[in-house]
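In what follows, a structure is listed as C-alpha cells, so that the remarks can point back to it.
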Amino acid sequence: MIGVSDAGRKAQGIRKKSERDTEKIMEIENWIIAQMVIDLIIACVLFWFMRLNTKSKKTDNEPDEAFQRSEAILSEMRELSLSLDRNLEEKRKLSGAILGQLDETLERAEETYMRIRDAARDLGADPERAKNTLKNSDQIRSSIKALVSKGLPMEEIAQHLNMSIDEIELLIKLQRHSGQGTQKLSAR
C-alpha cells in the first residue's frame, strides 16, 4: 500500500517536472520571438534613418554614397539575419532534444508505476484503499485518538478502522511526535 502511493507521488513529481521543462521550452521560444521582433524594429529604424538621410542630403555625389551605406547596412542586416536563423535552429534542436528526454522519462515513470501497481495487486494491496486512506487521514487520526482515549486495545482499533496494528501504532507515534494529543495518547 505504501509502495503504490510512493509510486504515484513519484509519477506526479515526474509529471510536474515535465510541466516545468515544457514551460522552460516555451520561455526559450518566447525569447526567440522577442529577439526577432527587436531585430525587425532595429531594421525599420535603420531604414527610416537611411530615408531621412537621403531626403536631407540630395546632391549629385551623395546618391552613390547613400547607396553604398545602404548596401553596407543591408549586408550587416543579412549577416544578423543569418546569425539569428542559426540561433533559432539551434534552439529548435535543443527544444526537440529536451522534449525527447521528457517523453522518455515520462514513459519510464509510467512503466515503473504500472509495475509497482501490478506488484502491489499481486501482494493483495488495494490502490483505491490507499487513495481513500490518504484523503481521510485527518479523520482516521481523530478516530484513533478517540478510540485510544476510550481505552480500546490496539487490536480492536485496527479491526474497527480496517487497518493493521502496525499502521495504528505508526500513526500514534506520528501524532506524539507532532505534538497532537500527547496527553491522551500516552495512556496506551
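Taken together, the values in this text are just the output of simple stated rules run on the coordinates, not laboratory data. Given the structure is predicted, the values throughout are model-derived calculations rather than measurements. With ideal geometry, Cβ positions are generated from the backbone for all residues, glycine too; neighbour counts draw on all protein chains shown.
Here is how the numbers come out for the structure above:
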item	result
Percent RCO, i.e. relative contact order, over the stretch 2-122, from Cα pairs under 8 Å lying at least 6 residues apart	64 percent
Alpha-carbon radius of gyration plus Dmax, which is the widest Cα pair, for the stretch 2-122 in Å	26.7, 93
Note, ³J(HN,Hα) from phi for the stretch 42-54, Karplus 6.51, -1.76, 1.60, rounded to Hz, x at Gly and Pro	4, 5, 5, 5, 4, 4, 5, 5, 4, 5, 5, 5, 5
Estimated FRET transfer efficiency (A43, R92; beta-carbon r; R0 25 Å; 0.05)	0.65
Vicinal HN-Hα couplings computed from phi for the stretch 30-38 (Karplus, 6.51 cos²θ - 1.76 cosθ + 1.60; Hz; Gly/Pro x)	5, 5, 5, 4, 4, 5, 5, 5, 4
